[in-house]
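This report refers to the structure that appears directly beneath it.
The values are calculated or read from the model by the stated rules, or taken from the named source; none is laboratory data. Here the structure is a predicted model, which is why all the values come from computation and not from measurement. Heads up, the Cβs are rebuilt from the backbone with ideal geometry, glycines too, and the neighbour counts pull from every protein chain shown. Remember, those area values only see protein heavy atoms, side chains included, never the ligands or the DNA or RNA. Shrake-Rupley method; radii C 1.70, N 1.55, O 1.52, S 1.80 Å.
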Amino acid sequence: MIAVVKETATQDQLDHFVKWIEGRGFKTNVSQGDNETIVGIIGDTTQIDPFLLESMDIIERVQRVSEPFKKANRKFHPEDTIVDCGHGVKIGGGNFQVIAGPCSVEGKNLFDIARAVKASGATMLRGGAYKPRTSPYSYQGMGEKGLDLLVEASAELDMPIVTEVMDPRDVQLFLDKGIDVMQIGARNAQNFPLLREVGKTQVPVLLKRGLSETIDELLMGAEYIMSEGNPNVILCERGIRTFETRTRNTFDVNAIPVLHHLSHLPVVGDPSHATGYTRYVRSAAYAATAAGADGLEIEVHDNPSEAWSDGAQALTPAQFDDAMRRIRLIREAVTAPVEEAK
Ligand code: PEP
Ligand code: MN
């Protein structure tokens, strides 16, 4: 349920109202926008009489929210959320960012890749130190040493890093190392203890869509994180499993505007895992940009044929540079004001 507060309400009246609601055992989510203030009421709101709220001096109107996601819901928070990823990089609400880097951290080549992607316009560096591999015999990542390399590269290049956390027991290590953005991968999109654990921090979380997840399930994943107190969630469409076998996954470009409609959280597109093949990655990146994504996550490797994971979908730095030029043009095209036809 949401209660829209009248413009004339004072801060004292608002605080009093919030206290009154919370005193009845509900949680609240106050969104103070430029135009209106909305108090989201979370809990079994069938017990609340909307007419009683509407009879209060400071309440403009009351509306039931049927979706099960509340904090992630645009009805609770009409304005776009802007997530501060550190190093001066913000995403969402008109801020577009490109996250690039290798699938896995492999060693010192991380620095060459980082320098190259930064020169081409990437603003955040990615690389996995803990890798969720389908086979237990595949390379599992460098672990803590990989995190250290990421932190070193982040300091040298003044870029926030995005890296995957797979185990709730590792969250404290990620905090201790000062990781800027924790990624929750597709395979862990519904690992609820992990979602809750990252939710207990204030570190931004890049939450990927699960392998066969619906849009609503993805939003419920975000809700798990936010319900623990962490509002800094970035959603990521990375392709879903369908009957199609020509690509690694099927990129659900639709999900980008749908997520923007349903939620205030920033939405990133990952064309690398969505397609699985270098030859298709750029087209999918352009589509995501044109669809209004707030950013992209793209795998780049200095020598894809030697990459320790996901070489088949990596762009070379030169290919990434070419992609970035076109991404900038597309971004300008979709955000530029267009004159009305006379
Ligand atoms: C990754 O980003 O390298 C990764 C494993 O992605 P996903 O979880 O989307 O498969
Ligand atoms: Mn990968």
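The figures follow:
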item: Among (1) among the hydroxyl-bearing types (S, T, Y); (2) modelled with pLDDT of 95 or more; (3) surrounded by fewer than 16 Cβ atoms within 10 Å (Cβ to Cβ) - the single one T46 does not satisfy; result: (2)
item: Yes/no for Y137 being open to solvent by 20 Å² or more (accessible area, probe 1.4 Å), within 18 Å of R187 (Cβ to Cβ), within 16 Å of ligand 1 (Cβ to nearest atom) and part of a loop (DSSP other than H, G, I, E, B); result: no
item: Flag if V89 is more than 16 Å from ligand 2 (Cβ to nearest atom) and within 13 Å of the chain's Cα centre (by Cα); result: no
item: Residue that is open to solvent by 60 Å² or more (accessible area, probe 1.4 Å), among the small types (G, A, S) and more than 16 Å from ligand 1 (Cβ to nearest atom), where the choices are S283, S263, S227; result: S283
item: Criterion violated by C236 - all others in (1) away from ligand 1 (no atom under 16 Å from the Cβ); (2) hydrophobic (A, V, I, L, M, F, W, C); (3) under 12 Å from V205 (Cβ atoms) satisfied; result: (1)
item: Qualifying residue in the range 231-238 (condition: open to solvent by 50 Å² or more (accessible area, probe 1.4 Å) and not in a loop (DSSP other than H, G, I, E, B)); result: no
item: Within the range 289-318, considering residues that are assigned to a helix (DSSP H, G or I) and more than 16 Å from ligand 2 (Cβ to nearest atom), the one least open to solvent (accessible area, probe 1.4 Å); result: T289
item: Which listed residue is within 14 Å of ligand 1 (Cβ to nearest atom), on the phi < 0 side of the Ramachandran plot and either surrounded by fewer than 22 Cβ atoms within 10 Å (Cβ to Cβ) or not basic (K, R) (or both), from E144, E164; result: E164
item: Which numbered condition K19 fails, given (1) modelled with pLDDT of 95 or more; (2) surrounded by 17 or more Cβ atoms within 10 Å (Cβ to Cβ); result: (2)
